[in-house]
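Asks: Encoded as structure tokens, here's the structure I'll be asking about.
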């Protein structure tokens, strides 16, 4: 869980950095997208590294989900008889309690997101357009409901990260200084959340067009 | 005050069990929670009924025997407090209280609210000790221990083995219990020689008993009567991973 | 109840010669058991507190085949766990003049000259090994910044010899012994039986050869045989119903042994702790101790006038009676436990007590808070104040605490010799269950020391001497075994069949009240005679009218309790008899008839410098006296004025 989660966190950081290039203009953003496909060429074939990274991501996501299912099943096995009274949480953290279902929701969001931005199936501009155009078209003011959906999902991802980051450190035995690391995890999650939110919001509100 | 209790009654491991409703009158706010149940039991015995079986002994919050899920919270509403130290002044007239046993596969119900926690003993047997036969010890001052280490070891060592951590954990994990002992002994110089093997053996025993995995929800430490901190689990994981790497 | 006096008895095992050499001599003279034979020798240890847990673990380490029993769900729950203050040891790490001899001296004197010098000296000697052992096991004692062990002075001792682990020393030491025990269980040398209660001792050919226990989950009555039996079943303070003991603490194991021939020594010596949280109502199930250290800064007082019902804050200074400071100007609020307890009782008897039923005195921190500031007081006593508030719902920072004495420890117990062997060969008794080391009064922080000394160091050596003959023991008499088992079953059957109208607890409460009134802090001939008249009546009523619901073949807590209460009746009678016969005052036994002009305890060394060992016979109790000789510590009368 922790290891696969860590891989995904590194991806998210890179992904966010790439997204933010949109503020540098269409050329820069499209150039970055193209570079992703060419990096390592000619040592590696066209799209070589990207495919490798994508494969890695798929593996990480699969591992992450597999671990989650194993943990959930272990939990169910460990408590065959449930409490009759509603169990009241005493620990703080909405984020912590929503890890499991939050994760499922995020999974569906990722599928939509891929259909929208990667494959263009759910995007008004379609697959043929440049990444920049797809992005701008995807979040145009008229499609505000898509933006709302993204915002909710990204916040969900943020919450997932807030617990997940710290939890990973804990599982890997690194979280000895509890409050400091917890604050750090919260900070990084907030940073990623904001980083991912500014792009669609900027487009919807017409800052980037 | 008058209260309604819904108490889990189960005559033995093979019985299905059910919540049974009892009305109880004239409860004094100065009574402890267990004294309130004593009053109920006196009544049941005189009526020829089976009294509600529950584990208890010292009734001063240290033996770890009492173990009740009260309205969905292990040991009830007061923080850092065992069931026996909970007093009725936290309730008001007309309240309904649901009382259940700890729920976990490795803690099978023996009767009513009594569960079998011998899994904890077996986790300790796996390595929760320092191997030092009586009479073989060097002078107590031979090895100074930094005060901060000793204090941190003490904080972990205050675990009373009640099992509230398991009861409250959504995963039914025994990580806090196991980690408390691994941390206590792992922080002291005397505990170093067996530190790695101890962590490995205890964690493996914990898994073998059928406890769930830890997802760091923090529910355990929130209900722990002794407030064992969550970073003990990080320490356990670190010791476990290091030991596993070393011996492959 | 009548008794007759039998032959005097003697401890024949303590070696002669200089006191500091005696334990060494005994260790050398004790025969050893060949390691190959040890594997074939079975030892039963009942109880898993400091004494029983450490003994079972150590015997396992030595290679014996051990069976250990406890009534709780885990050996870690034994009531040693609740000891707060600390453990004494003559380490003299402070260089403040402590020594083995001084600890020995203080213990003999503190015990009001009713303990054996040889035993006490050995205890002081062994005390230093206990600390070494505990530290090596990982017991997290309090330390100083230099990394060395911290100590404090405790219970009025003038040297700082008490090692502690915050307010949870008993817990940490017990968990140390428990971990050693679990290690042996894992190694296969100790077989653990939790939720098993000992209900009978098996004596065959004059030797203790086993126990009959009840599996408290299934109700099955089981027999376990062995070459020796060790009882480490704690004290009997619960005879008073309300005490600081755990709810399950009981006298059944030692009482059964007593009925099978083990002598019971000094049953009347009871320690009453002055600073407990008072009773709040009829439903009260136990009492909680507050650390004695509170008296360092708190001032004890009651209203000057009888029946003053005003809240504490409204009683002006000149209408308060700081009675300890008034009566004992030299020691003030720090007088020893028994004196503080009795003084509280006296002012309450005068009708000046406070709180529910007038059974309480104030322990006031207002002056300390004014002098040191709230923060300093919080730092020192914060956790105790919290505990007090949790139980009473009152804030001790703004209103004085209410405290009252409560039964805490019993110095009496089964009679044992220097080897800790009772008058039944093969029956060894350790920890609070025996009578050996504290005389008529135990010093603070000495109970943990004795339990661990017995279990880790003394018993494992001395039992070997007895077991060296194990291969020559006769085969166990089947009939004795069968009889013991039948006796247990009959008893259970009888309890279940009475089907009366009162619960065992209600009888226990009544017995406890009787004992507290007549055999508590202050005893008189008249009161004791009254109690001796009433106890048999109450016992008869119990057997006529007790109601035990349920059946034997299940977890039946009503049945467990009834069995224990039944034995408390018999013990209570012997306690009163012992208290009646001992017309002197000494330590935890205060006879109103024996006091000096100032109302202080007056010992009678001429007539009572002996251990009263009671034998149970069909014709009633027989008293055997063991004379006490003091070669090293001169007998003196205590004074705290």
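Asks: Looking for whichever is out of contact with any strand residue (DSSP E or B) (no Cβ under 6 Å at 6 or more places or on another chain), farther than 27 Å from residue B:142 by Cα, at the interface with chain A (Cβ under 7 Å from one of its Cβ atoms) and modelled with pLDDT of 95 or more here; the options are B:233, B:228. Which one fits?
Replies: The match here is B:233.
Asks: For the range C:266-273, indicate whether the set of residues that are over 30 Å from residue C:612 (Cα atoms), in a loop (DSSP other than H, G, I, E, B) and either touching a helix residue (DSSP H, G or I) at 6+ places or on another chain (Cβ under 9 Å) or within 14 Å of chain B (Cβ to nearest Cβ) (or both) is non-empty. Break it down into steps so the answer makes sense when it comes.
Replies: At the first step, the residues of the range C:266-273 found to be over 30 Å from residue C:612 (Cα atoms) are none.
Looking through the range C:266-273, none of the residues is over 30 Å from residue C:612 (Cα atoms), in a loop (DSSP other than H, G, I, E, B) and either touching a helix residue (DSSP H, G or I) at 6+ places or on another chain (Cβ under 9 Å) or within 14 Å of chain B (Cβ to nearest Cβ) (or both).
Asks: Out of everything in the range A:70-103 that is in contact (Cβ under 8 Å) with a residue 60 or more places away in the chain and outside any helix (DSSP H, G or I), what residue ends up being nearest to the other protein chains (Cβ to nearest Cβ)? Steps first, please.
Replies: Step one: filter the range A:70-103 for residues in contact (Cβ under 8 Å) with a residue 60 or more places away in the chain, giving A:71, A:93-96, A:98-99.
Now narrow it down to the ones that are outside any helix (DSSP H, G or I): A:93, A:98.
Values: A:93: 7, A:98: 11 Å.
For the range A:70-103, the residue satisfying everything is A:93.
Asks: Against the conditions (1) closer than 22 Å to residue B:166 by Cα; (2) touching a strand residue (DSSP E or B) at 6+ places or on another chain (Cβ under 7 Å); (3) more than 11 Å from chain C (Cβ to nearest Cβ), where does residue B:16 fall short? Just the number, please.
Replies: Unmet condition: (2).
Asks: So, in the range B:76-115, how many residues would count as being within 14 Å of the chain's Cα centre (by Cα) and closer than 21 Å to residue B:2 by Cα?
Replies: 3
Asks: Mind checking which residues of the range C:591-609 are within 18 Å of residue C:108 (Cα to Cα), touching a residue at least 12 places away in the same chain (Cβ under 8 Å) and either surrounded by fewer than 18 Cβ atoms within 10 Å (Cβ to Cβ) or in contact with a helix residue (DSSP H, G or I) (Cβ under 8 Å, 6 or more places away or on another chain) (or both)?
Replies: In the first step, residues of the range C:591-609 are kept if they are within 18 Å of residue C:108 (Cα to Cα); the result is C:601-606, C:608-609.
Still in the list and also touching a residue at least 12 places away in the same chain (Cβ under 8 Å): C:601-605, C:608-609.
Scanning the range C:591-609 gives C:601, C:602, C:604, C:605.
Asks: Yes or no: the range C:46-62 includes at least one residue that is surrounded by fewer than 24 Cβ atoms within 10 Å (Cβ to Cβ), at pLDDT 95 or above and out of contact with any strand residue (DSSP E or B) (no Cβ under 6 Å at 6 or more places or on another chain). If you could, list the steps in order and put the result at the bottom.
Replies: Of the residues in the range C:46-62, the ones surrounded by fewer than 24 Cβ atoms within 10 Å (Cβ to Cβ) are C:61-62.
Next cut, at pLDDT 95 or above only: C:61-62.
Filter once more, so that each one left must be out of contact with any strand residue (DSSP E or B) (no Cβ under 6 Å at 6 or more places or on another chain): C:61-62.
Checked against the condition, which is being surrounded by fewer than 24 Cβ atoms within 10 Å (Cβ to Cβ), at pLDDT 95 or above and out of contact with any strand residue (DSSP E or B) (no Cβ under 6 Å at 6 or more places or on another chain), the range C:46-62 yields at least one hit.
Asks: Continuing with the same structure: Take the range C:401-418 and flag every residue that is buried (at least 21 other Cβ atoms within 10 Å of the Cβ), in contact with a helix residue (DSSP H, G or I) (Cβ under 8 Å, 6 or more places away or on another chain) and in a loop (DSSP other than H, G, I, E, B).
Replies: Across the range C:401-418, the qualifying residue is only C:412.
Asks: Scan the range B:102-128 for residues that are within 8 Å of chain C (Cβ to nearest Cβ), assigned to a loop (DSSP other than H, G, I, E, B) and touching a helix residue (DSSP H, G or I) at 6+ places or on another chain (Cβ under 6 Å) and jot them down.
Replies: Listed by number, the list holds a single entry, B:128.
Asks: Looking only at the range B:28-51, how many residues end up being assigned to a loop (DSSP other than H, G, I, E, B) and more than 9 Å from every other protein chain (Cβ to nearest Cβ)? Working first, answer last.
Replies: If we filter the range B:28-51 for residues that are assigned to a loop (DSSP other than H, G, I, E, B), which is where we start, we get B:28-31, B:47-51.
Those left that are additionally more than 9 Å from every other protein chain (Cβ to nearest Cβ): none.
Matching residues across the range B:28-51 total 0.
Asks: Exactly one condition in (1) part of a helix (DSSP H, G or I); (2) away from chain B (no Cβ under 14 Å); (3) surrounded by fewer than 23 Cβ atoms within 10 Å (Cβ to Cβ) is not met by residue C:186; state its number.
Replies: Only one criterion is unmet by residue C:186, namely (2).
Asks: Quick one: in the range C:138-175, of everything that is more than 9 Å from chain B (Cβ to nearest Cβ) and assigned to a helix (DSSP H, G or I), which residue is modelled with the lowest pLDDT?
Replies: The initial filter retains those residues of the range C:138-175 that are more than 9 Å from chain B (Cβ to nearest Cβ), namely C:151-162, C:164, C:167, C:169, C:173-174.
Still in the running and assigned to a helix (DSSP H, G or I): C:169, C:173-174.
Values: C:169: 95, C:173: 98, C:174: 98.
Only one residue fits best here, namely C:169.
Asks: Looking at the structure I just gave you, is residue B:189 surrounded by fewer than 21 Cβ atoms within 10 Å (Cβ to Cβ) and more than 7 Å from every other protein chain (Cβ to nearest Cβ)? Even if it seems obvious, please write down each step before you answer.
Replies: Working: surrounded by fewer than 21 Cβ atoms within 10 Å (Cβ to Cβ): yes; more than 7 Å from every other protein chain (Cβ to nearest Cβ): yes.
Against the criterion (surrounded by fewer than 21 Cβ atoms within 10 Å (Cβ to Cβ) and more than 7 Å from every other protein chain (Cβ to nearest Cβ)), residue B:189 qualifies.
Asks: In the range C:1-99, which helices (runs of 4 or more DSSP H) lie fully inside it and hold 2 or more residues that are closer than 16 Å to residue C:458 by Cβ? Can you show your working first?
Replies: Working: elements: C:22-29, C:35-38, C:50-62.
Answer list for the range C:1-99: C:22-29, C:50-62.
Asks: Can you confirm whether the range A:61-69 contains a residue that is away from chain B (no Cβ under 14 Å) and exposed (fewer than 14 other Cβ atoms within 10 Å of the Cβ)?
Replies: Looking for residues that are away from chain B (no Cβ under 14 Å) and exposed (fewer than 14 other Cβ atoms within 10 Å of the Cβ), one finds at least one in the range A:61-69, hence yes.
Asks: Count, please, the residues in the range A:57-104 that happen to be farther than 17 Å from residue B:218 by Cα and touching a strand residue (DSSP E or B) at 6+ places or on another chain (Cβ under 7 Å).
Replies: Residues that pass the stated criteria total 3.
Asks: For residue B:200, are the conditions met, namely being free of Cβ contacts under 8 Å to residues at least 12 places away in the same chain and either within 19 Å of residue B:122 (Cβ to Cβ) or within 13 Å of chain A (Cβ to nearest Cβ) (or both)?
Replies: No.
Asks: If you go through the range B:129-170, how many residues are part of a loop (DSSP other than H, G, I, E, B), more than 8 Å from every other protein chain (Cβ to nearest Cβ) and without any contact (Cβ under 8 Å) to a residue 40 or more places away in the chain?
Replies: 1
Asks: Another question about this same structure. Test each condition in (1) modelled with pLDDT of 95 or more; (2) not in a loop (DSSP other than H, G, I, E, B) for residue C:379 and report the one that comes out false.
Replies: Here residue C:379 meets the rest and fails (1).
Asks: For residue B:45, state whether it is touching a helix residue (DSSP H, G or I) at 6+ places or on another chain (Cβ under 6 Å) and free of Cβ contacts under 8 Å to residues at least 12 places away in the same chain. Lay out the reasoning, then the answer.
Replies: Values: touching a helix residue (DSSP H, G or I) at 6+ places or on another chain (Cβ under 6 Å): yes; free of Cβ contacts under 8 Å to residues at least 12 places away in the same chain: yes.
Criteria met by residue B:45.
Asks: Can you pull out every residue in the range C:311-333 that is buried (at least 17 other Cβ atoms within 10 Å of the Cβ) and under 29 Å from residue C:439 (Cα atoms)?
Replies: C:323, C:324, C:327, C:328, C:331, C:333
The values are calculated or read from the model by the stated rules, or taken from the named source; none is laboratory data. Computed from a predicted structure; not experimentally measured. Every residue, glycine as well, gets a Cβ built from its backbone with ideal geometry; the counts of neighbours run over all protein chains shown.
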